[in-house]
Amino acid sequence: MKLVPLFAAILIGTGGVAAAAPADPADADRRAAATEAQMTDAERFHLLHSHLPIIIEPGKPARLIPGLPVVPGVVTGIERLGIPVIAESDASLGVVNPFQLREGDVATALPASLALAASFDPALAYASGAMIGGEAHAKGFNVLLGPGVNLTRDPRNGRNFEYLGEDPLLSGILGGEASRGIQSAGVVSSIKHFALNDQETLRRTLDARMEEAALRESDLLAFEIAIERGQPGAVMCAYNQVGGFYACDNDFLLNQVLKGDWGYKGWVMSDWAAVHDASYFNAGLDQQSGAELDRKVWFDEPLKAEYAAGRVSKERLSDAVRRILRSLYAVGADHPPVQTPIDYDADGKVAQAEEAAGIVLLKNEGVLPLAAKPQSILVVGGYAIAGVMAGGGSSQVTPVGGEAAIIPNDVHWLVKRPVGQLIVPSAPVRALKAALPAAKISYDSGYDTDEAAVHAARADVVIVFATKWQTEGLDAGNLSLPGGQDELIQAVAKANPNTVVVLETGNPVLMPWLAGVKAVIEAWYPGQKGGEAIAAVLSGTVNPSGRLPITFPASEDQNPRGPLPALGQEDGSQLSAEENMVRYPEGADAGYRWFAAHDHQPLFPFGHGLSYTRFEHGALALRGGDTVKASFSVRNIGEREGQYVAQLYLLNAAGQPVERLAAFGKLDLQPGESRKLSLEVDPRLLADWDQHGWLIKAGEYRFALGESARHLGPVATVKLGERRLQP
Ligand code: BGC
């Protein structure tokens, strides 16, 4: 691989000042215009592509380009104008050490983003963003490639664990807060992957098809809300095509929707190896990322040739450059960050709090919380003696303490890169021993089902840890737990009636053994302090409050699609246009909306999650006007403190049956305590998209408070007048 000549680098971390306070946006605009006006065209073009400082050649170990920060994307600085190095790091679940090339460099590994989504807690999203932003800044990086807000449309998607579930409001609000948190540390956040990057199979070529209205009301709405709230400095366009055009070459998505309708002022960067031509620039792509991964460094000589030939305007060139500079200035990311020590203990607490809030208690027939009495507890399976599972791909963090284990795998023939399962060193067995000192806790790997069942029969309680690893680049072929774990759980539950299952999965799974076990918790990929958080929920020092951000189907045929289109095709396969086409039959009705429209009874619905206490809500009062305001009281009628997650669903919009999460909130309540909660509905959730934009139709709107998307009540209605919203 050949690198183009670089400008003199001001290497990040070699000096400078700490993160500056974010600038006033108007000031950032002015500064960007002033700097850009002083630039030569060569300098302008210099900012339009980031380099991959890692040389990856098939069959050889990855090598580094000396003198550059080891990150997936770097643009060297322009000293004479005070433009710093742009050093871009992955991101969604912590600061990633790519291929572990930064020797010995670790970072706090957050749980899967699904855990964050399950917390239904915007403040936690902000705190986790601020934590990652802080670590990135302290390591010398000023752009973070996250968060991801693609909606779950298929529970087999290998990257769902990096995203925030199936609902546009929840994903949008939490994604926006995570982004705001990142930027509070003076680090640019890049929201990704824009848009409809909702399966990994054929991700680099597939052509996602969806009507505009459905797209605007679902995936685009998640981005729209996240971008409004988070004001991310960058947006990363996706690999796939949308409506026949690559997402990074998509005038509709980039110029019309993002920069036009939404007035987005930051820059659009491509995903890595997502650019196939210099012409993408005019379609709205501002920067080619990790450019050496593409067939050509399109945004260097080929783009210069387009400019020289008059096919790229001076105005467009200036616009792209100003967007990049503006974001650096607006976020305060224009100062080379100083490498500073990181307080990993404090950051580990953020990871633990996120996991504790994101664990979902799916079923509990009286066995949890575990009593703090002398009893024998057998822990089975899931590597629980070593640590907790992490998802794979570019979001995989090398955790503090290093990996507890890597279950190796070869270069996967589908994604053509090494894959291995990383175990984060937060062992549930150790944490359980600390949480329940009076208990006798032992471990069985579960390798031999019969032997595990024999041991299980002798214990008072059995906790089976079941894992399903997922990774970027690969979708799951089905929704089952792999490797005989269903049989293991069945055998253990038969031997011991007090069996608890802890799931570490990046997606919903089927549970053929559900009736035979006493309790189930979904812990997702639990992160740096996952073992501790799981032990706290099992032992009851934390009262679980997570709610599912994703529907758990009862069977695979409840999904909108049958077998995954093109499952098993290699990344980059050359297929016909028809074979590449991926249709999403559910349209705007992703997840629970599809289940409601087809009256499918899921295994566990969106929004479901139990607590060790109980809540009761009073009548629902609604007020109309420009939008709907809901108020009601909630009382903790149980014996212990707990967190209540309010879910307000729209059930009928001017005569049209729908189901939409219209607002949500979270309250902490002491036993017996009652509080009033008011929620305001984002008017876009009341509206439909027609060819002129959002329209709220005149008529009656029926709402319900829900324990979940399936357990609804009390109900109330409100009348609204017709109203058109700005796109
Ligand atoms: C992923 C992005 C990631 C980028 C850089 C791509 O393969 O899709 O999410 O940010 O690599 O590592």
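Figures for the structure shown
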{"read-out": "Cα gyration tensor shape of the range 148-296, rounded if a/c is under 1.5, else prolate or oblate by comparing a/b with b/c", "value": "rounded"}
{"read-out": "Whole-Å distance, taken between Cα centres, linking the range 63-120 and the range 650-727", "value": "39"}
{"read-out": "Carbon/sulfur fraction of accessible area - the chain, other protein chains in place, 1.4 Å, %", "value": "52"}
{"read-out": "Helix-derived mean residue ellipticity, 222 nm - over the chain, DSSP H n ≥ 4, -39500 (n - 2.57), to 500", "value": "-7000 deg cm²/dmol"}
{"read-out": "Integer Hz, Karplus 6.51/-1.76/1.60 couplings in order for the range 281-297, x for Gly and Pro", "value": "4, 6, 7, x, 6, 9, 9, 8, 9, x, 4, 5, 6, 7, 4, 9, 7"}
{"read-out": "The range 35-60 and the range 375-428: distance between their alpha carbon centers, rounded to Å", "value": "35"}
{"read-out": "Beta bridges per DSSP with both ends in the range 465-586, % antiparallel, nearest 5", "value": "10"}
{"read-out": "Zone residues, the range 684-723, relative to Glu212, backbone N less than 18 Å from point 7 Å out along Cα-to-Cβ", "value": "687-696"}
{"read-out": "At least 20 Å along the helix axis (C-alpha) and Kyte average at least -1.0, DSSP helices within the chain", "value": "122-139, 168-184, 314-331, 344-358"}
{"read-out": "Listed residue pairs exceeding 31 Å between alpha carbons, taken from Lys192/Lys433; Lys363/Lys433; Lys468/Lys518; Lys373/Lys676; Lys433/Lys468", "value": "Lys192/Lys433; Lys373/Lys676"}
{"read-out": "Under the Karplus curve 6.51 cos²θ - 1.76 cosθ + 1.60, θ = phi - 60°, whole-Hz ³J(HN,Hα) for the range 78-85, x wherever Gly or Pro sits", "value": "10, 4, 5, 10, x, 7, x, 4"}
{"read-out": "Dipole in debye (nearest 20) - the range 354-539, about Cα centre, beta carbon charges: Lys, Arg +1; Asp, Glu -1", "value": "380"}
{"read-out": "About the Cα centre, charge dipole magnitude for the chain (Lys/Arg +1, Asp/Glu -1 at Cβ), debye", "value": "1060"}
{"read-out": "Solvent-accessible heavy-atom area per residue, rounded to whole Å², over the range 354-539 at 1.4 Å", "value": "34"}
{"read-out": "Shape of the range 387-537, Cα gyration tensor, a/c cut at 1.5", "value": "oblate"}
{"read-out": "Positive-end residue, the range 613-725 charge dipole about Cα centroid, Cβ charges, pick of Gly625, Phe664, Leu695", "value": "Gly625"}
{"read-out": "Accessible solvent surface per residue of the range 133-189, calculated while the other protein chains remain in place, 1.4 angstrom probe, Å²", "value": "8"}
{"read-out": "Estimated inter-spin distance, Arg295 and Phe245, nm [label 7 Å along Cα→Cβ]", "value": "2.0"}
{"read-out": "Sequence-distant residues sharing a close amide H with Val658 (under 5 Å, placed H)", "value": "Asn652, Ala653"}
{"read-out": "Relative contact order of the range 23-155, pairs being alpha-carbon contacts under 8 Å that are 6 or more residues apart, as %", "value": "19"}
{"read-out": "Pair Arg583, Glu315: separation of 7 Å Cα→Cβ label points (nm)", "value": "4.0"}
{"read-out": "Radius 11 Å from Cβ of Ser179, net charge of other residues (Lys, Arg +1; Asp, Glu -1)", "value": "+1"}
{"read-out": "For the range 243-289 versus the range 184-234, the gap between their alpha-carbon centres in whole angstrom", "value": "12"}
{"read-out": "Principal axes of the chain: Cα extent on each, largest first, Å", "value": "77, 63, 51"}
{"read-out": "Accessible surface of Leu474 - all protein chains present, 1.4 Å probe, nearest 10 Å²", "value": "30"}
{"read-out": "Assigned charges on the beta-carbon of Lys, Arg, Asp, Glu; the range 3-330 dipole about Cα centre (debye)", "value": "600"}
{"read-out": "Cα gyration tensor shape of the range 3-330, rounded if a/c is under 1.5, else prolate or oblate by comparing a/b with b/c", "value": "rounded"}
{"read-out": "Whole-number percent relative contact order across the chain, with pairs defined as alpha carbons under 8 Å at least 6 apart", "value": "15"}
{"read-out": "Arg640/Asp410 FRET efficiency (R0 56 Å; Cβ-Cβ; nearest 0.05)", "value": "0.70"}
{"read-out": "Antiparallel %, DSSP beta bridges [both residues in the chain], to 5", "value": "60"}
{"read-out": "Accessible area of Phe141 in the full protein assembly, 1.4 Å probe (Å², nearest 10)", "value": "10"}
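The values are calculated or read from the model by the stated rules, or taken from the named source; none is laboratory data. Everything quoted here is computed from the prediction, not taken from an experiment. All Cβ positions, glycine included, derive from the backbone under ideal geometry; neighbour counts span all protein chains shown. Side chains included, ligands, DNA and RNA excluded: accessible areas come from the protein's heavy atoms. Shrake-Rupley method; radii C 1.70, N 1.55, O 1.52, S 1.80 Å.
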